[in-house]
1. Report every pair of residues separated by at least 6 positions or lying on different chains whose Cβ atoms are under 7 Å apart, first residue within region B:167-190 and within 15 Å of B:Ala226 (Cα to Cα) and within 14 Å of chain A (Cβ to nearest Cβ), second of a type in the set (S, T, N, Q) and near ligand 2 (Cβ under 9 Å from one of its atoms).
2. Among A:Leu47, A:Leu43, A:Leu75, which is the only one that is more than 20 Å from A:Val200 (Cβ to Cβ) and away from ligand 2 (no atom under 16 Å from the Cβ)?
3. Among (1) within 15 Å of A:Gln9 (Cα to Cα); (2) within 16 Å of ligand 2 (Cβ to nearest atom); (3) touching a helix residue (DSSP H, G or I) at 6+ places or on another chain (Cβ under 6 Å), there is one condition A:His84 misses while meeting the rest; what is its number?
4. When only residues in region A:177-204 that are more than 8 Å from chain B (Cβ to nearest Cβ) and over 16 Å from A:Gly78 (Cα atoms) count, which is surrounded by the most Cβ atoms within 10 Å (Cβ to Cβ)?
5. Outside any loop (DSSP other than H, G, I, E, B), more than 13 Å from ligand 2 (Cβ to nearest atom) and of a type in the set (Ser, Thr, Tyr) - does that describe any residue in region A:130-144?
6. From the residues in region A:136-164 that are facing chain B (nearest Cβ under 7 Å) and open to solvent by less than 10 Å² (accessible area, probe 1.4 Å), which one is farthest from A:Ala100 (Cα to Cα)?
7. Using beta carbons and a limit of 6 Å, which pairs, at least six apart or on different chains, have the first residue in region A:53-67 and more than 9 Å from ligand 1 (Cβ to nearest atom) and the second one among the acidic types (Asp, Glu)?
8. Does B:Lys222 satisfy the criteria of being surrounded by fewer than 23 Cβ atoms within 10 Å (Cβ to Cβ), touching a residue at least 40 places away in the same chain (Cβ under 8 Å) and closer than 27 Å to A:Lys241 by Cβ?
Amino acid sequence: MKIAVAIKQVPLRDSPLRLNAAGTWIDEDTLSFEINEPDAYALEEALQLREKHGGEVIVISVGPARVSQTIREALAKGADRGIHIESSSIDTFGIANLLATALRPESPDLILTGLQSDDLGYGQTGVVLAQLLGLPSSTIIMQVEIQPGKVRVKRELEDGWFQHIEMPLPAVLTIQSGLNKLRYATLMGIKKAKTKEIKVISLDGAAEVAPPSAVIEKLYAPEKNKQAQIFEGDPRTAAAKLVEKLRFEARVL
Amino acid sequence: MSVLAIVEQRMASEVLAAAQQFGSDVKAYSIDLPYTADAYTSAVEELIRKVNPTLVVFGHTYQTRDYAPRLAARFGRTLIGDVIAARFEKKDPPVFVRQMFQGKFNADVRLVGDGPHFVSIQAGAWRADGSPQVEKFSPASVTSRQVAEPPFREAARAVDLTAADIIVSVGRGIKEKENIPVVEALAQALGAELAASRPICDAGWLPMDRQVGSSGQTVSPKVYIAVGISGAIQHLVGMKGAKTIVAINKDPDAPIFEVAHYGIVGDLFEVVPALVEELKKTK
Ligand SMILES: Cc1cc2nc3c(=O)[nH]c(=O)nc-3n(C[C@@H](O)[C@H](O)[C@H](O)COP(=O)(O)OP(=O)(O)OC[C@H]3O[C@@H](n4cnc5c(N)ncnc54)[C@H](O)[C@@H]3O)c2cc1C
Ligand SMILES: Cc1cc2nc3c(=O)[nH]c(=O)nc-3n(C[C@H](O)[C@H](O)[C@H](O)COP(=O)(O)OP(=O)(O)OC[C@H]3O[C@@H](n4cnc5c(N)ncnc54)[C@H](O)[C@@H]3O)c2cc1C
């Protein structure tokens, strides 16, 4: 079974984010990056499926040169090889198009993506990719079961509800965080990763990218509503003030 | 601008309210079919070709996430998902506002080119008012590669958070499982139930049935104390109905402070024990 996992590199959790001078994007110079969280679960699921059914796991990512680090980490965890499409600043449609172009000749049996990126959060690259490849898809997946020629998944719905869906393979699934337990890279894995192949596809000379149907014009901090009474400073004083407020102002204790 | 509102039971009146803000010529339809991604993609595609709208509006539900991006792609468009506001300046095209970077920033997204464009709105962002006619649409033919079974819930919840008066809820700020007793002590001092954000339950540090949010429980206690929780929208929808919300977070810009009534900016590992001590002292 050939499984492809699309992984996105996003700013390290809890990074202090600052806007660039033009207010059009964040200032990336001082940032560190890591794998998008649901993508880590997608990778883990792919590795577990390979352990069960045999085959190969390919990780693929679109982004600037720094992305190769995240691909390397996925290889260290056990992915077999990587594809890095060097490109930046295009919309979902453009990214899905690049992924589709690179994956078509691979014809994977299963493609996994995260359900949503932690930074921009459009939550649709996987679904658009499925459309471009003409494959069925299902989203927010909490369980994957491979059956002959098809896949049965558990899809998360709102308020703690779920649903089982079956569809023929090949298919695209967008993976929700928490469906499995993530592994760490072993020393052996890290060593091995150095010898694994990362194919770099440069956008130069590739097909024209269609202009985006929407542009991000401006990024800005949301307006503060200031309704909260905030206590700062010494924790004990703050705690005492809070308890007093809860007792005598909100009268909830 | 002509607007097509795709209405499902969830968020129905909000979607209609948004559609009316977006355009004067609003048509609203619900799809008269059991849901699968393929079935709805082709049904709504057929409907769009019939109605020919400039803008198609959805609620940002799990169902919309499952098929609307595919639908938009069929028209060479990107879905502008999870929109919280819209601005119309003199002439079209409008600007839609959506959160990015987990609510730390807002982004103005401007549509480019001809319709149809595709937008889904965030739950709670538009107030339901008035309700124009919703028609039912039955497509000419339906095929679907997905076969869907009926929705189900996991075994009955062991904990009913909805009955709690006071809830202490813990997020990823707690760092590791071994630190959970820090917030347990606070819950105990208050006679509160312990709840959590999703990553805590994903990691198995607390059981799933203590999760609050869009995929967990929706609670409205007298007091909700969010400890080390950033305030992502999927968490907020589960708790913003609480009468009094308290946030404890080391980041003064954390979105949770936007819905809080009281907040302490600081390290939870100092603040929470101080709170416990204070509560014991004044009992
Ligand atoms: C400088 C800059 C400028 C931009 N300008 C525009 C613009 O003008 N218009 C616009 O619409 N968008 C723009 N974007 C955003 C756009 O490129 C998004 O990254 C894209 O729409 C995907 O959405 P998302 O990142 O929220 O991913 P989601 O759709 O939320 O991601 C879902 C899943 O898809 C996969 N995935 C997503 N991205 C990648 C990737 N790069 N490589 C591999 N897998 C991936 C992952 O598995 C992920 O979990 C810009 C981005 C940058 C950095
Ligand atoms: C389809 C979908 C459904 C989802 N359903 C849910 C749901 O039902 N419930 C839910 O909660 N989430 C849900 N999520 C996830 C949600 O988007 C967020 O990722 C999640 O709520 C974040 O949890 P958190 O606030 O605990 O973690 P983070 O966002 O990582 O925030 C941790 C916070 O702790 C603070 N902190 C760190 N250290 C300290 C310290 N020492 N002292 C004080 N503060 C500290 C940080 O400043 C930060 O604000 C869902 C997501 C998707 C896409």
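1. From region B:167-190, the pairs are B:Gly171/B:Ser197; B:Gly171/B:Ser230; B:Arg172/B:Ser197; B:Gly173/B:Asn249.
2. A:Leu47
3. Single failed check for A:His84: (2).
4. A:Leu179
5. yes
6. Residue satisfying both the conditions and the ranking: A:Glu156.
7. From residues that are more than 9 Å from ligand 1 (Cβ to nearest atom), the pairs are A:Glu56/A:Asp80; A:Val57/A:Asp80.
8. On the way: surrounded by fewer than 23 Cβ atoms within 10 Å (Cβ to Cβ): yes; touching a residue at least 40 places away in the same chain (Cβ under 8 Å): yes; closer than 27 Å to A:Lys241 by Cβ: yes.
Against the criterion (surrounded by fewer than 23 Cβ atoms within 10 Å (Cβ to Cβ), touching a residue at least 40 places away in the same chain (Cβ under 8 Å) and closer than 27 Å to A:Lys241 by Cβ), B:Lys222 qualifies.
The values are calculated or read from the model by the stated rules, or taken from the named source; none is laboratory data. These figures come from a predicted structure and were not determined experimentally. Note that each Cβ is placed from the backbone with ideal geometry, even for glycine, and that neighbours are counted across all protein chains shown. In case anyone asks, the SASA skips ligands and DNA or RNA and just uses the protein heavy atoms, side chains included. Shrake-Rupley method; radii C 1.70, N 1.55, O 1.52, S 1.80 Å.
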